1. Among the residues of region 218-228, what is the count of those that are outside any loop (DSSP other than H, G, I, E, B) and either among the acidic types (Asp, Glu) or touching a residue at least 40 places away in the same chain (Cβ under 8 Å) (or both)?
2. So which residues in region 367-384 are modelled with pLDDT under 95, buried (at least 21 other Cβ atoms within 10 Å of the Cβ) and assigned to a loop (DSSP other than H, G, I, E, B)?
3. Looking for whichever is in the same structural domain as residue 350 (by TED's automatic domain parsing), of a type in the set (Lys, Arg) and more than 14 Å from the chain's Cα centre (by Cα) here; the options are 96, 100, 55. Which one fits?
4. Is it the case that region 42-64 has a residue that's among the basic types (Lys, Arg), closer than 16 Å to residue 108 by Cα and modelled with pLDDT of 90 or more?
5. For region 222-240, enumerate the residues that are under 19 Å from residue 288 (Cβ atoms), surrounded by 12 or more Cβ atoms within 10 Å (Cβ to Cβ) and out of contact with any Lys or Arg (no Cβ under 9 Å at 6 or more places or on another chain).
6. Only residues in region 109-131 that are assigned by TED's automatic domain parsing to the domain that holds residue 304 count as the first member; pair them with residues that are modelled with pLDDT under 95, Cβ under 6 angstrom, at least 6 apart or cross-chain, and list the lot.
7. With the structure loaded, tell me whether residue 52 is basic (Lys, Arg), part of a helix (DSSP H, G or I) and in contact with a Ser or Thr (Cβ under 9 Å, 6 or more places away or on another chain) or whether it fails that test.
8. Scanning for something charged (D, E, K, R), away from the ligand (no atom under 11 Å from the Cβ) and under 22 Å from residue 121 (Cβ atoms), does region 319-332 turn up at least one residue?
Amino acid sequence: MPTKNGSFKNGEKMSEKGSSAPPGGTGSGRPYRILVLGAGFGGLYTAVYLDRFLKDHPDVWITVIDRRNYFLFTPMLHSTATGALEPRYIAHSVRKIFRKTRIHAHIGEVLDIDLAQKTVETVHRTMQFDDLVIALGSETNFYGMESRLENVFTLKSLKDASAINNHLIRMFEKAYWEEDPESRKAALTFVVVGGGPTGVELAGEIYEYANRELLRDFGRRISREEIRVILVEATGRILPSLPEKLSLDALERLRKIGIEVFLEGRLEGYRDGVMEIKGLAPLRTDTLIWAAGVRTNPLTASLPLEKDGQGRIKVKGTLESPSMDHVWVVGDNASCLNPWEGKPYPPTAQTAVRQAKTVAHNIVARLTRKPERIFAHNHVGGFVSIGDNYALLSAKQFTLSGIVGWFLWNIVYIHKLPIVRYRLFSTFGLFLKVLFERATTEIDLCPEYEEASYRKPPEESQAGG
Ligand SMILES: Cc1cc2nc3c(=O)[nH]c(=O)nc-3n(C[C@H](O)[C@H](O)[C@H](O)COP(=O)(O)OP(=O)(O)OC[C@H]3O[C@@H](n4cnc5c(N)ncnc54)[C@H](O)[C@@H]3O)c2cc1C
């Protein structure tokens, strides 16, 4: 049994010894191939640790596959959605991160995983593996409400953040000219559904963005009293995964700054710009952001491995699938029980990064026939930022709030960025945010770049000009 701080007594680290080391690698004549699926918190850090732990084993190949060419720092996504941080401060090229390592970045969609053949098919090619690390993350969970939700925003990607940012600006543009009072109200009512950390932080940021920044630009015809920010939570408590004191303090803070929090607010639908909550009158709003939960990646959920009720792959303490040797799972895809609580670890970046180190250690241990480790980590507290210059921190020994908490929150997160240059970028971005204003420029990231005018046939462009 691990101790409370996550270490093990008397060399209790060893567990799954006896599994055979696979062929290839370290001296066998052919390279040993480790494929890591996903370059998010779990996958990227697994690869970086593997590279570090395998310094003396050049015959081991490490390949990371991701559909995006960047690592996305999700804890700061809400800052990008509200003009506080530029997209490139939170999205970092994986090729750059891996440049001075032996890790090979393979940018392309994973289409299929064939566990029997030990192959992974991407849009580019089919690749063999000896060890597979699955870290494909999760997607938004609508809990079967898809057909009752129209035109809702989510916050999972850079594209989502840009879309929210643009929409918030456009709603102020709309309200600026709108004569009909009901339509004006709907444009200036911003609803976030989901009282977890993402929903709480996003609601706080939207409140600041609307009331401080956008109001300055649109203040001639829009007043503070017209702006409503509402947070809807289905249960009786926000931040249920964090310590109770922190969730009560956060609720108090949200209400104090002017955010309306609807607890026990069961959303029944959002159609034609009308939100329906059980027991309440229908409410018109042009903005509903769904931040109410995640479910595991569908590709992972479809694998013939033992899974939990939410489609996450069950793992042993070593983070290897009990259904198949040499298949390891980290982050949001793993259903790994906290040995003290008997419940799966929550899907957080902290968990993913810590699991990454354990998996990297165990793959190397298996290769070099050394003892493997069991993953055990006890979360001792929690953090949540609420708007500008305010965060709440709760650990066993202390609770912090206000600007000190906010600085610490930022330092902790920036420190987690994978390379020093990016830490500097983000620190710089945050100082800009404190010293200057948030941006109120729409971001046309233009993911559908084939629609860009430079690609149009000449006659069409000429006709336009
Ligand atoms: C807005 C937001 C805020 C958050 N804030 C916090 C926070 O403050 N603190 C915290 O601890 N956690 C936070 N989280 C949760 C945290 O981001 C996740 O728990 C963490 O990213 C999980 O790591 P992962 O490696 O499992 O997945 P991810 O980091 O999501 O990585 C998965 C990767 O797989 C890639 N991928 C998926 N499918 C495919 C495919 N078919 N082919 C190729 N590539 C694919 C994706 O592009 C992605 O890069 C937040 C999440 C969100 C969305």
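1. Summing the residues that are outside any loop (DSSP other than H, G, I, E, B) and either among the acidic types (Asp, Glu) or touching a residue at least 40 places away in the same chain (Cβ under 8 Å) (or both) in region 218-228 gives 4.
2. The one that is modelled with pLDDT under 95, buried (at least 21 other Cβ atoms within 10 Å of the Cβ) and assigned to a loop (DSSP other than H, G, I, E, B): 376.
3. Result of the check over 96, 100, 55: 55.
4. no
5. Listed by number, the residues that qualify are 227, 229, 230, 231, 233, 238.
6. Between residues of region 109-131 that are assigned by TED's automatic domain parsing to the domain that holds residue 304 and residues that are modelled with pLDDT under 95, the close pairs are 130/22; 130/24.
7. Values: basic (Lys, Arg): yes; part of a helix (DSSP H, G or I): yes; in contact with a Ser or Thr (Cβ under 9 Å, 6 or more places away or on another chain): yes.
The answer is yes for residue 52.
8. yes
The values are calculated or read from the model by the stated rules, or taken from the named source; none is laboratory data. If you're wondering where the values come from, they're calculated on a predicted model, not measured in any experiment. Note that we place each Cβ from the backbone using ideal geometry, even for glycine, and neighbour counts take in every protein chain shown.
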